[in-house]
Amino acid sequence: MKRFPLYLLLLAGVLGATYLLGVKLNSPLDDSQLATVGHQSTKSEPDPVRQEVADMRRRHHLRPLTEFENGTTLQSLPKGIYGFSACGATSITAKRDTQPLIEIHKRLDGIAYYVAYASKEDIGKYLAREKNFHIRAFPYVRDKATLLFEIPIDFVFKCEARSSGKGQVYDLFVTSIPELNT
């Protein structure tokens, strides 16, 4: 009985240290870390993560996938993450590695988005809520595709990837925006 307070104190110390270590490992990244997370410069990835992408991740309170979550299906992942995927693939990876995968954001509300660059004209089709259109999306800024946009994955009927002379292109086909269905 005389050792009971000592055991409680020791247990509290261990739990406190475990908590602090867990907070440190799972804490949000600062701005300098966020701009480079998940980025590995390769020949197919000519420029670092642009500030506007880092800002979007931060604005939506997204964290990168952990190594443990790497390769998990989008439906199985927690809310509030970002990662990368091949067009139409079901699993998400933490890094782009050697191929220019499209960025995926799963926001805190559970809605998953494709995040890419497109031209003003292509984004205008989406904003006008047209029916039966497609958007040429790029993982990086290309020629006229200089505007960052996001579109819910559920709005995209079909996603096709193809290579062009300047890198990967994603054709996002939309038949109708669900809000328009009555």
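The values are calculated or read from the model by the stated rules, or taken from the named source; none is laboratory data. Just so it is clear, the model here is predicted, and its values are computed rather than measured. Virtual Cβ from ideal backbone geometry, glycine too; neighbours counted across all protein chains shown.
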Discussion item. Can you tell me how many residues within the range 76-89 are under 20 Å from LEU172 (Cβ atoms) and not in a loop (DSSP other than H, G, I, E, B)?
Written reply: 4
Worksheet entry | Residue that is surrounded by the most Cβ atoms within 10 Å (Cβ to Cβ), among those in the range 160-179 that are within 21 Å of the chain's Cα centre (by Cα) and aliphatic (A, V, I, L, M) | LEU172
Fill in: Output for the range 55-75, where each listed residue is assigned to a helix (DSSP H, G or I) and at pLDDT 90 or above
ASP55, MET56, ARG57, ARG58, ARG59
Practice prompt. Identify the residue in the range 132-156 that is among the charged types (D, E, K, R) and modelled with pLDDT of 85 or more and, among all such residues, is nearest to ILE177 (Cα to Cα).
Written response: ASP154
Worksheet item: Failed condition for ILE92, given (1) touching a Gly at 6+ places or on another chain (Cβ under 6 Å); (2) surrounded by fewer than 19 Cβ atoms within 10 Å (Cβ to Cβ), with all others met?
Response: (2)
Item to complete: Specify the residue that is nearest to TYR113 (Cα to Cα); the eligible residues are those in the range 136-163 that are of a type in the set (Asp, Glu) and touching a strand residue (DSSP E or B) at 6+ places or on another chain (Cβ under 7 Å).
Response: GLU150
Discussion item. Let me confirm something: among TYR114, TYR126, which residue is touching a residue at least 24 places away in the same chain (Cβ under 8 Å) and assigned to a strand (DSSP E or B)?
Written reply: TYR114
Worksheet item: Right, LEU147: under 17 Å from MET56 (Cβ atoms), hydrophobic (A, V, I, L, M, F, W, C) and under 18 Å from the mean Cα position of the chain (by Cα) or not?
Response: yes
Practice prompt. Identify the single condition in (1) at pLDDT 90 or above; (2) of a type in the set (A, V, I, L, M); (3) farther than 20 Å from GLY88 by Cα that LEU127 does not satisfy, given that it satisfies every other one.
Written response: (1)
